[in-house]
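**Q** Below is the structure I would like to discuss, written out as structure tokens.
The values are calculated or read from the model by the stated rules, or taken from the named source; none is laboratory data. Note that this is a predicted model, so its numbers are computed, not measured. We place every Cβ from the backbone using ideal geometry, glycine too, and count neighbours over all the protein chains shown.
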Amino acid sequence: MPQTGPSQTVKFYQTGTLTVGNRLLDPASRTVQSSESRSNAITCGHRACQGCGEALGARYAVDAAMRAANSQLVCVNATGCLEVFTTPYPETSWQVPWLHSLFGNAAAVAAGVAAAMRVKGRQEVRVLAQGGDGGTTDIGFGCLSGMFERNDDVLYVCYDNQAYMNTGVQRSSATPPTARTATTPVAEDAPGNVFGTGKNVPLIAMAHNIPYVATASVADLHDLEAKVNRAMSLRGARYLHVLVPCPLGWGSASHDTIRLARLAVECGLFPLFEAEHGEITATKPIRRRVPVEEYLRPQRRFAHLFRPDAPHAGEALARIQAMADANIRRFDLLRMSDDRKETA
Amino acid sequence: MLKQIEGSRAMAEAIALCRPEVICAYPITPQTHIVEGLAELVRDGRLTGCEYLNVESEFAALSVAIGSSAAGARTYTATSSQGLLFMMEAVYNASGLGLPIVMTLGNRAIGAPINIWNDHSDAMAVRDAGWIMLFAETNQEAVDLHIQAFRLAEELSCPVMVNVDGFILTHAVERVDVPEQIQVDTFLPPFEPVQVLDPRDPVSIGAMVGPEAFTEVRYLAHHKQMLALDAIPRIAAEFKGVFGRESGGLLRGYRMEDADTVVVAMGSVMGTIKDTIDEMRDQGHAVGALHIGSFRPFPLEEVRSALLPAKRVVVLEKNLAIGMGGVLASHVRMALRGHGNRVHTLVAGLGGRPITRASLSRFLAVVEQEPHNTLHFLDLNTEVVEAEIARMAQTRRSGPIAENVLRRMGAGGLL
Ligand SMILES: Cc1ncc(C[n+]2csc(CCOP(=O)(O)OP(=O)(O)O)c2C)c(N)n1
Ligand code: SF4
């Protein structure tokens, strides 16, 4: 392996204070991706858009799960972008045993795989199910809830890009209020998706009292991997909800995926937390709080809020800010993080 | 072992003897006793090495089955009617993925109006889904077909549906020879999947396929069913070798020798038909019957050669292809195309209406004289339908049809 000194740039990994996965860190802190001996569960050459957060999130989550499972992993996939861009026949990007059945049944199919492994005495084989927010929070929700309720031995990962991207950016129950999608178009004073409470599946998952629930974002891949590791150290039903910006659906620049994922967390709209058996066990404090506007402005799906003549835009922005503030209060996100306490 | 036993219980015991490794189902009448029986066998330890999953819907039930079968476990499920439709998307998926799942379908009508009784509407709704579809005539055959179904499914890597008439078979207590474990073990080798999810040899299953290969994939599914035309009789013959009785097969004739009129049907109604034929034979009518045991694959050639000598064919349908006639009759017409046989569609027994020997023989006697092809509804209450049609024509807001029909029948004492 070539020596990499601090002055050298690390190929395809970010460097700097918010560094992820790079080889500048001491080995214990490096991500799975920084290792050349990682499993490479999803090979390159797939057809995701440039800057796709879902491709990135899936790669990190699956490789971390592979390492945690000692490569004894089976993946089940719901229909959606991830499935389509990784398996253009006759090719496949998956280097793990992988099964796609339907849009709404990944949780149940995974439960079946887990049952088969149990009955065959192959407890070492672990099962990971995955889907987009549509396949998880909408059409697959019944199967997901059933999987939680039975406490099937499956880690379910939801890649939340906040809409149905594979079919051309339509609203899902995870689409944020006011966002423009193909089925919540902006017209006169109708500002995209209406305000509602949406469907907060991490909290609903917690209500099932399953062993582990967590949220993560592709801006903090160390954190994402740590959560996959924690999840994989447990048995039973586990749920991980990952925010994965989608340049196509969000109308954002390909190079802004990580920045937007970070801003979503830092403005408070996407709180990062972990819960075990229905109780919150950890939340990730915000390092540098930003107003929601900073997160919303670079995205074309919110462009109507920033037109000078936009009706109700001020009120809409205030309501979104209030949602972020509520999260910050609820999860106490502005308390000092442990590492900052030490230097304070 | 000979037992006086409920059909569902006998089927549950036979399925258990096949050593399924994952069972996952959702209750619906008239399938319930089968899955309850299996739950009991798993719970009390008589069926070991089996995971029994309780799920939240039929869609989940078949989805779990898809996962477990793809992971290499012998997998069983069962449903009926609305349940089959609720799992419909997964029904196509299971066959598309080539997964050898065995499913019992306790045949039942589909609503609205809701009706729990037997007909074949549910099976006909999935006739083109790519499953092998077998129909049982008796409870003995229902038991035997399940054992053959696992062989067939695993040999061809294709799901198999065993159709059993709801209530008429599932709930009937009669004499059944429930096989011994040793016999089943001789007949049914352990499941060796052709494609399996295993980290030791990773494969992708269920990839996206475009126009460049979809036709070929579909062709191969069809080819598999054509192979089943050979496999079904071969497996039935092997079954006879081990268990000592004839059961299953593609089709079975009854008193077909020099029959001018042949009644074609599927499932338990054959009992009534055979009795009717015996009576009519005694009265000098040249009548016979043909049971279609394998509806998918449909044995076109065999049906043609069995029916060619007959002057007329009456296809007794326990389904209605609304706006068309009957599903089975259209298949029989296809088998006989280019030949002079008259084919009558007789829609009977919808939603559990009894099919009586009297009505059937009356119809057969008329058909011997009748020169035209017809679509006939056995025992249709024409008075009621005509009155309802007239009322609907007169009243714009004519209200709910089923409820009006019921009221009229109740008021007039017509039924
Ligand atoms: C039963 C069914 N309904 C609709 C579709 C069409 N469909 C395929 S993927 C998809 C949206 C996927 O959205 P999501 O789950 O959020 O994943 P993403 O593509 O955004 O990653 C839809 C609606 C389908 N495949 N099956
Ligand atoms: S549409 Fe979005 S989620 Fe889908 S591949 Fe493109 S960037 Fe990724």
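**Q** Quick one: how many residues across the stretch B:62-77 are facing another protein chain (nearest Cβ under 7 Å) and either without any contact (Cβ under 8 Å) to a residue 40 or more places away in the chain or surrounded by 24 or more Cβ atoms within 10 Å (Cβ to Cβ) (or both)?
**A** The initial filter retains those residues of the stretch B:62-77 that are facing another protein chain (nearest Cβ under 7 Å), namely B:63-68, B:70-73.
Right, trim to either without any contact (Cβ under 8 Å) to a residue 40 or more places away in the chain or surrounded by 24 or more Cβ atoms within 10 Å (Cβ to Cβ) (or both) and you get B:63-68, B:70-71, B:73.
Number of matching residues: 9.
**Q** May I pose another question? Quick check: anything in the stretch B:324-337 polar (S, T, N, Q), within 16 Å of B:Ala265 (Cβ to Cβ) and touching a strand residue (DSSP E or B) at 6+ places or on another chain (Cβ under 9 Å)? Write out each step before concluding.
**A** Going through the stretch B:324-337, the residues polar (S, T, N, Q) turn out to be B:330.
Now restrict to residues that are within 16 Å of B:Ala265 (Cβ to Cβ): B:330.
Restricting the remaining residues to those that are touching a strand residue (DSSP E or B) at 6+ places or on another chain (Cβ under 9 Å) gives B:330.
Scanning the stretch B:324-337 turns up at least one residue that is polar (S, T, N, Q), within 16 Å of B:Ala265 (Cβ to Cβ) and touching a strand residue (DSSP E or B) at 6+ places or on another chain (Cβ under 9 Å).
**Q** Filter the stretch A:26-52 down to the residues that are within 16 Å of ligand 1 (Cβ to nearest atom) and buried (at least 19 other Cβ atoms within 10 Å of the Cβ), then identify the one that is farthest from the other protein chains (Cβ to nearest Cβ).
**A** Filtering the stretch A:26-52 for residues within 16 Å of ligand 1 (Cβ to nearest atom) gives A:42, A:46-52.
Then keep just the ones that are buried (at least 19 other Cβ atoms within 10 Å of the Cβ); that gives A:42, A:46, A:48, A:51-52.
Values: A:Ile42: 11, A:His46: 12, A:Ala48: 14, A:Gly51: 22, A:Cys52: 17 Å.
Within the stretch A:26-52, the match that is farthest from the other protein chains (Cβ to nearest Cβ) is A:Gly51.
**Q** Considering each residue of the stretch B:50-85, count those that are closer than 25 Å to A:Glu124 by Cβ and among the hydroxyl-bearing types (Ser, Thr, Tyr), and give that number.
**A** Number satisfying all stated conditions: 5.
**Q** What number of residues within the stretch A:271-284 are hydrophobic (A, V, I, L, M, F, W, C) and more than 11 Å from A:Phe331 (Cα to Cα)?
**A** Result for the stretch A:271-284: 1.
**Q** Quickly run through the stretch B:276-305 and pick out the residues that are closer than 16 Å to B:Asp165 by Cβ and not in a strand (DSSP E or B).
**A** Scanning the stretch B:276-305 gives a single hit, B:Gly293.
**Q** Please tell me if A:Ala110 is out of contact with any Cys (no Cβ under 7 Å at 6 or more places or on another chain), away from ligand 1 (no atom under 16 Å from the Cβ) and either assigned to a strand (DSSP E or B) or within 18 Å of A:Asn151 (Cα to Cα) (or both). Even if it seems obvious, please write down each step before you answer.
**A** Values: out of contact with any Cys (no Cβ under 7 Å at 6 or more places or on another chain): yes; away from ligand 1 (no atom under 16 Å from the Cβ): no; either assigned to a strand (DSSP E or B) or within 18 Å of A:Asn151 (Cα to Cα) (or both): yes.
Here the answer is no, as A:Ala110 does not meet what is asked.
**Q** From the list A:Val84, A:Val62, exactly one residue is within 14 Å of chain B (Cβ to nearest Cβ), in a helix (DSSP H, G or I) and either free of Cβ contacts under 8 Å to residues at least 60 places away in the same chain or surrounded by 23 or more Cβ atoms within 10 Å (Cβ to Cβ) (or both). Which is it? Walk me through how you get there before you give the answer.
**A** On the way: A:Val84 fails: either free of Cβ contacts under 8 Å to residues at least 60 places away in the same chain or surrounded by 23 or more Cβ atoms within 10 Å (Cβ to Cβ) (or both).
From the options A:Val84, A:Val62, the qualifying one is A:Val62.
**Q** Please determine whether any residue of the stretch A:95-103 is assigned to a loop (DSSP other than H, G, I, E, B), within 20 Å of A:Ala64 (Cβ to Cβ), without any contact (Cβ under 8 Å) to a residue 40 or more places away in the chain and away from ligand 2 (no atom under 16 Å from the Cβ). Spell out the reasoning first.
**A** First, the residues of the stretch A:95-103 that are assigned to a loop (DSSP other than H, G, I, E, B): A:95-97, A:101-103.
If we keep only those that are within 20 Å of A:Ala64 (Cβ to Cβ) too, we end up with A:95-97.
Those left that are additionally without any contact (Cβ under 8 Å) to a residue 40 or more places away in the chain: A:97.
Narrowing the set further to residues that are away from ligand 2 (no atom under 16 Å from the Cβ) leaves A:97.
Scanning the stretch A:95-103, I find at least one residue that is assigned to a loop (DSSP other than H, G, I, E, B), within 20 Å of A:Ala64 (Cβ to Cβ), without any contact (Cβ under 8 Å) to a residue 40 or more places away in the chain and away from ligand 2 (no atom under 16 Å from the Cβ), so the answer is yes.
**Q** Which of the residues that make up the stretch B:8-23 are out of contact with any strand residue (DSSP E or B) (no Cβ under 8 Å at 6 or more places or on another chain) and within 14 Å of another protein chain (Cβ to nearest Cβ)?
**A** If the condition is that a residue be out of contact with any strand residue (DSSP E or B) (no Cβ under 8 Å at 6 or more places or on another chain) and within 14 Å of another protein chain (Cβ to nearest Cβ), then B:Arg19 is the only one that fits.
**Q** Criterion first (within 12 Å of ligand 2 (Cβ to nearest atom) and assigned to a helix (DSSP H, G or I)) does A:Leu263 satisfy it? Explain how you work it out, then say what you get.
**A** Working: within 12 Å of ligand 2 (Cβ to nearest atom): no; assigned to a helix (DSSP H, G or I): yes.
No; evaluated as a whole, the condition is false for this residue.
**Q** When the residues of the stretch A:266-282 are filtered to those that are out of contact with any Pro (no Cβ under 9 Å at 6 or more places or on another chain) and not in a loop (DSSP other than H, G, I, E, B), which remaining residue is surrounded by the fewest Cβ atoms within 10 Å (Cβ to Cβ)?
**A** Restricting to residues being out of contact with any Pro (no Cβ under 9 Å at 6 or more places or on another chain) and not in a loop (DSSP other than H, G, I, E, B), the top hit is A:Glu279.
**Q** Please go through the stretch B:26-52 and give me each residue that is of a type in the set (Val, Ile, Thr) and within 14 Å of another protein chain (Cβ to nearest Cβ), ordered by number. Step through it out loud before you land on a result.
**A** Let us first name the residues in the stretch B:26-52 that are of a type in the set (Val, Ile, Thr), namely B:28-29, B:32, B:34-35, B:42, B:48.
Within the stretch B:26-52, B:Val42, B:Thr48 qualify.
**Q** Quick one: in the stretch A:212-258, of everything that is part of a loop (DSSP other than H, G, I, E, B) and buried (at least 24 other Cβ atoms within 10 Å of the Cβ), which residue is nearest to ligand 2 (Cβ to nearest atom)? Lay out the reasoning, then the answer.
**A** Going through the stretch A:212-258, the residues part of a loop (DSSP other than H, G, I, E, B) turn out to be A:218-220, A:233-237, A:244-246, A:251-253.
Retained after the next criterion (residues that are buried (at least 24 other Cβ atoms within 10 Å of the Cβ)): A:218-219, A:237, A:244-246.
On the way: A:Val218: 11, A:Ala219: 16, A:Ala237: 25, A:Val244: 7, A:Pro245: 8, A:Cys246: 3 Å.
Ranking the candidates gives A:Cys246 first.
**Q** I'd like to check something: does the stretch A:268-283 contain any residue that is more than 16 Å from the chain's Cα centre (by Cα), more than 20 Å from A:Leu203 (Cα to Cα) and at pLDDT 95 or above?
**A** no
**Q** Next question. Does A:Cys143 satisfy being within 13 Å of ligand 1 (Cβ to nearest atom), within 14 Å of another protein chain (Cβ to nearest Cβ) and either in contact with a helix residue (DSSP H, G or I) (Cβ under 6 Å, 6 or more places away or on another chain) or among the small types (Gly, Ala, Ser) (or both)? Talk me through it step by step, then tell me what you get.
**A** Details: within 13 Å of ligand 1 (Cβ to nearest atom): yes; within 14 Å of another protein chain (Cβ to nearest Cβ): yes; either in contact with a helix residue (DSSP H, G or I) (Cβ under 6 Å, 6 or more places away or on another chain) or among the small types (Gly, Ala, Ser) (or both): yes.
Spelling it out, A:Cys143 is indeed within 13 Å of ligand 1 (Cβ to nearest atom), within 14 Å of another protein chain (Cβ to nearest Cβ) and either in contact with a helix residue (DSSP H, G or I) (Cβ under 6 Å, 6 or more places away or on another chain) or among the small types (Gly, Ala, Ser) (or both).
**Q** Another question about this same structure. Scan the stretch B:157-167 and give yes if some residue there is within 11 Å of another protein chain (Cβ to nearest Cβ), surrounded by 15 or more Cβ atoms within 10 Å (Cβ to Cβ) and over 15 Å from B:Gln140 (Cα atoms), otherwise no. Lay out the reasoning, then the answer.
**A** Taking the stretch B:157-167 as the starting set, the residues that turn out to be within 11 Å of another protein chain (Cβ to nearest Cβ) are none.
Looking through the stretch B:157-167, none of the residues is within 11 Å of another protein chain (Cβ to nearest Cβ), surrounded by 15 or more Cβ atoms within 10 Å (Cβ to Cβ) and over 15 Å from B:Gln140 (Cα atoms).
**Q** Turning to a different aspect of this structure: Looking only at residues that are more than 7 Å from every other protein chain (Cβ to nearest Cβ) and touching a helix residue (DSSP H, G or I) at 6+ places or on another chain (Cβ under 6 Å) in the stretch A:89-105, which one is farthest from B:Val91 (Cα to Cα)?
**A** Result: A:Ser93.
**Q** For the stretch A:39-59, which residues satisfy the criterion of being assigned to a loop (DSSP other than H, G, I, E, B), within 10 Å of ligand 2 (Cβ to nearest atom) and not hydrophobic (A, V, I, L, M, F, W, C)? First the steps, then the outcome.
**A** Within the stretch A:39-59, the subset assigned to a loop (DSSP other than H, G, I, E, B) is A:39-41, A:43-52.
Still in the running and within 10 Å of ligand 2 (Cβ to nearest atom): A:46-52.
Result: A:His46, A:Arg47, A:Gln50, A:Gly51.
**Q** Quick one: A:Tyr156 ticks every box in (1) more than 15 Å from ligand 2 (Cβ to nearest atom); (2) surrounded by fewer than 24 Cβ atoms within 10 Å (Cβ to Cβ) bar one, so which box is it?
**A** (2)
**Q** If you don't mind, another one. Would you check which residues across the stretch A:66-81 are at the interface with chain B (Cβ under 7 Å from one of its Cβ atoms) and crowded, with 23+ Cβ neighbours inside 10 Å and list them?
**A** Taking the stretch A:66-81 and keeping what is at the interface with chain B (Cβ under 7 Å from one of its Cβ atoms), we get A:71-74, A:76.
Once the filter is applied, which keeps residues that are at the interface with chain B (Cβ under 7 Å from one of its Cβ atoms) and crowded, with 23+ Cβ neighbours inside 10 Å, the stretch A:66-81 yields A:Leu73, A:Val74, A:Val76.
**Q** In the set A:Arg122, A:Arg118, which member is more than 8 Å from every other protein chain (Cβ to nearest Cβ), over 20 Å from the mean Cα position of the chain (by Cα) and surrounded by fewer than 24 Cβ atoms within 10 Å (Cβ to Cβ)?
**A** Values: A:Arg118 fails: more than 8 Å from every other protein chain (Cβ to nearest Cβ).
Testing whether each residue is more than 8 Å from every other protein chain (Cβ to nearest Cβ), over 20 Å from the mean Cα position of the chain (by Cα) and surrounded by fewer than 24 Cβ atoms within 10 Å (Cβ to Cβ) leaves just A:Arg122.
**Q** For the stretch B:187-221, how many residues meet the condition of being in contact (Cβ under 8 Å) with a residue 60 or more places away in the chain, facing another protein chain (nearest Cβ under 7 Å) and hydrophobic (A, V, I, L, M, F, W, C)?
**A** Matching residues across the stretch B:187-221 total 2.
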